[in-house]
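**Student:** Got a structure for you, questions after.
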Amino acid sequence: MLIYNDMKDNFNDFIAQLSQTNITLSAFTDFEKVSNNVRKIAIKLNQLNYLIGKEDLGKAIKELYEENPKTFDVLEILIAVRNKDNRKCINQKGDTVFISSYFNSVEGIIEYIEETGLSDVFKRKDITNLVDYVYGVEVGLDTNARKNRGGDCMSNAIKLIFDSNNIKYKTEVSIKNFPEIISLGEDVKRFDFAVKTRQKTYLIEVNYYNGGGSKLNEVARSYSDVAPKINQYENYEFVWITDGQGWHSAKNKLQEAYSIVPSLYNLSSISQFVKKVLDEEVVEL
């Protein structure tokens, strides 16, 4: 009972230590990516500027289409949509069609511009330059990538901690590098980090969750399964470093994992792992 209470207290400390965020200002928007995306279609956007302010929009569309029909290939970005060839909608006839199908004819383009509301935007001159407008659209769409950059921030934080403590490590290490580990079956597992000491090799997964969701339960369940399979080998140990307020929404599943994964750390407690590997003396992997 005492052991259980100690583990419960330790887990409560773990939860209390979860950081509010790991996002730096540089992670909010990747402006280089935004600029590159706009640059690729800037010529077509400048050609589409011809439509702005035209009262007889149908006539202007026909003129532009006869000049260069490919100009209209970028219309989907004006409504903040990517991958038009894979995105579908319901047309005026009630049929499900690909968005790209609208761009094959003047009639289709006119229908698209009218149905999306772009026709009024063009006529009222709500937009004066489509290149500038799409730059803003791209900034908005780029926010969807923040979650991945949050994960990158976590990995970078771990790298900084390892580097500052002169801990040698390798990143993106495949399980194939350790043929003696056969307990994971045929799955090709890739670990975020690997650190080797004179006693054992530590295979490390790193993640950070600002928000909740079913994925957290899946991650906790997965690592609860992986840890015992690796830890059965005397010379190997699975390490999970995770953090973020999102874990409050999956607290029960994380607590279950906490009782199964012996080496589970957050950014506050990772100093314990650092001390452990330094005491064991880190060597080249």
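**Student:** Going by the conditions given, is Phe11 over 30 Å from Cys153 (Cβ atoms), assigned to a helix (DSSP H, G or I) and touching a helix residue (DSSP H, G or I) at 6+ places or on another chain (Cβ under 7 Å)? Let's see the steps before the verdict.
**Tutor:** Details: over 30 Å from Cys153 (Cβ atoms): no; assigned to a helix (DSSP H, G or I): yes; touching a helix residue (DSSP H, G or I) at 6+ places or on another chain (Cβ under 7 Å): yes.
Criteria not met by Phe11.
**Student:** Now for a different question. At pLDDT below 95 and of a type outside the set (Ser, Thr, Tyr): does that describe Pro179? Talk me through it step by step, then tell me what you get.
**Tutor:** Working: at pLDDT below 95: yes; of a type outside the set (Ser, Thr, Tyr): yes.
Answer is yes for this residue.
**Student:** What pairs can you find where one residue is in segment 135-149 and under 16 Å from Asn36 (Cα atoms), the other is of a type outside the set (A, V, I, L, M) and modelled with pLDDT of 70 or more, and their Cβ atoms are less than 6 Å apart, with a gap of 6+ or different chains?
**Tutor:** Taking only residues 6 or more apart or on different chains, the pairs are Glu138/Asn37; Val139/Thr29; Asp142/Thr29; Asp142/Asp30.
**Student:** What are the residue pairs meeting all of these: first residue in segment 254-269, first residue within 20 Å of Thr201 (Cβ to Cβ), second residue in a helix (DSSP H, G or I) and among the aromatic types (Phe, Trp, Tyr), Cβ atoms under 7 Å, and 6 or more apart or on different chains?
**Tutor:** Close Cβ pairs (under 7 Å, with a partner that is in a helix (DSSP H, G or I) and among the aromatic types (Phe, Trp, Tyr)) amount to Val261/Tyr223; Ser263/Phe273; Leu264/Tyr258; Tyr265/Phe273.
**Student:** Being surrounded by 14 or more Cβ atoms within 10 Å (Cβ to Cβ), of a type outside the set (Gly, Ala, Ser) and closer than 25 Å to Asp120 by Cβ is true for just one of Asn49, Asn68, Asn37. Which residue is that? Steps first, please.
**Tutor:** Details: Asn68 fails: surrounded by 14 or more Cβ atoms within 10 Å (Cβ to Cβ); Asn37 fails: closer than 25 Å to Asp120 by Cβ.
The conditions single out Asn49.
**Student:** Of Gln272, Gln255, Gln245, which residue is over 21 Å from Lys170 (Cβ atoms), modelled with pLDDT under 95 and of a type in the set (S, T, N, Q)? Give the derivation first.
**Tutor:** Details: Gln272 fails: modelled with pLDDT under 95; Gln255 fails: modelled with pLDDT under 95.
Sole residue among the options that is over 21 Å from Lys170 (Cβ atoms), modelled with pLDDT under 95 and of a type in the set (S, T, N, Q): Gln245.
**Student:** Now a separate question. Quick one: which helices (runs of 4 or more DSSP H) sit completely within segment 104-203 and have at least 2 residues that are loosely packed, with under 13 Cβ neighbours inside 10 Å?
**Tutor:** Details: elements: 106-116, 118-124, 130-142, 146-164.
Answer list for segment 104-203: 118-124, 130-142, 146-164.
**Student:** Now for a separate question. With respect to the numbered conditions (1) under 23 Å from Tyr208 (Cα atoms); (2) exposed (fewer than 14 other Cβ atoms within 10 Å of the Cβ); (3) β-branched (Val, Ile, Thr), which one is the sole condition not fulfilled by Ile15?
**Tutor:** (2)
**Student:** If you don't mind, there's one more thing I want to ask. Could you pull out the residue among Glu218, Glu237 that is in the same structural domain as Ile167 (by TED's automatic domain parsing), within 15 Å of Phe191 (Cβ to Cβ) and without any contact (Cβ under 8 Å) to a residue 40 or more places away in the chain? Give the derivation first.
**Tutor:** Numbers: Glu218 fails: within 15 Å of Phe191 (Cβ to Cβ).
Sole residue among the options that is in the same structural domain as Ile167 (by TED's automatic domain parsing), within 15 Å of Phe191 (Cβ to Cβ) and without any contact (Cβ under 8 Å) to a residue 40 or more places away in the chain: Glu237.
**Student:** Let me ask something else about it. Looking at segment 235-273 only, could you name the residues that are over 19 Å from Tyr208 (Cα atoms) and part of a helix (DSSP H, G or I)?
**Tutor:** Ser259, Ile260
**Student:** Still on this structure: Inside segment 43-100, can you point out the residues that are of a type in the set (Gly, Ala, Ser) and in contact (Cβ under 8 Å) with a residue 60 or more places away in the chain? Write out each step before concluding.
**Tutor:** We begin by selecting, within segment 43-100, every residue of a type in the set (Gly, Ala, Ser); these are 53, 58, 60, 80, 94, 100.
Once the filter is applied, which keeps residues that are of a type in the set (Gly, Ala, Ser) and in contact (Cβ under 8 Å) with a residue 60 or more places away in the chain, segment 43-100 yields Gly53, Ala80.
**Student:** Lys93 - would you say it is more than 35 Å from the chain's Cα centre (by Cα), more than 27 Å from Thr143 (Cβ to Cβ) and at pLDDT 95 or above? Can you show your working first?
**Tutor:** Details: more than 35 Å from the chain's Cα centre (by Cα): yes; more than 27 Å from Thr143 (Cβ to Cβ): yes; at pLDDT 95 or above: no.
Against the criterion (more than 35 Å from the chain's Cα centre (by Cα), more than 27 Å from Thr143 (Cβ to Cβ) and at pLDDT 95 or above), Lys93 does not qualify.
**Student:** Filter segment 58-97 for residues that are of a type in the set (Asp, Glu) and either farther than 27 Å from Val34 by Cα or not in a helix (DSSP H, G or I) (or both) and give the result.
**Tutor:** Residues of segment 58-97 of a type in the set (Asp, Glu): 63, 66-67, 73, 76, 85, 95.
Residues satisfying the conditions are Glu63, Glu66, Glu67, Asp85, Asp95.
**Student:** Name the single residue, out of those in segment 18-57 being over 23 Å from the mean Cα position of the chain (by Cα) and in a loop (DSSP other than H, G, I, E, B), that is nearest to Asp142 (Cα to Cα).
**Tutor:** Looking at the filtered set, the residue picked out is Ile52.
**Student:** Let me ask something else about it. Give the residues of segment 97-114 that are modelled with pLDDT under 95 and either in contact with a Cys (Cβ under 6 Å, 6 or more places away or on another chain) or not aromatic (Phe, Trp, Tyr) (or both), sorted by residue number.
**Tutor:** Val97, Ile99, Ser100, Ser101, Asn104 - these are the residues of segment 97-114 that are modelled with pLDDT under 95 and either in contact with a Cys (Cβ under 6 Å, 6 or more places away or on another chain) or not aromatic (Phe, Trp, Tyr) (or both).
**Student:** Here is a follow-up. Considering segment 274-285 alone, what residues qualify as being part of a helix (DSSP H, G or I) and either touching a strand residue (DSSP E or B) at 6+ places or on another chain (Cβ under 8 Å) or among the hydrophobic types (A, V, I, L, M, F, W, C) (or both)? Give the derivation first.
**Tutor:** At the first step, the residues of segment 274-285 found to be part of a helix (DSSP H, G or I) are 274-280.
Listed by number, the residues that qualify are Val274, Val277, Leu278, Glu280.
The values are calculated or read from the model by the stated rules, or taken from the named source; none is laboratory data. Being a predicted model, the structure only gives us computed values, none of them experimental. Virtual Cβ from ideal backbone geometry, glycine too; neighbours counted across all protein chains shown.
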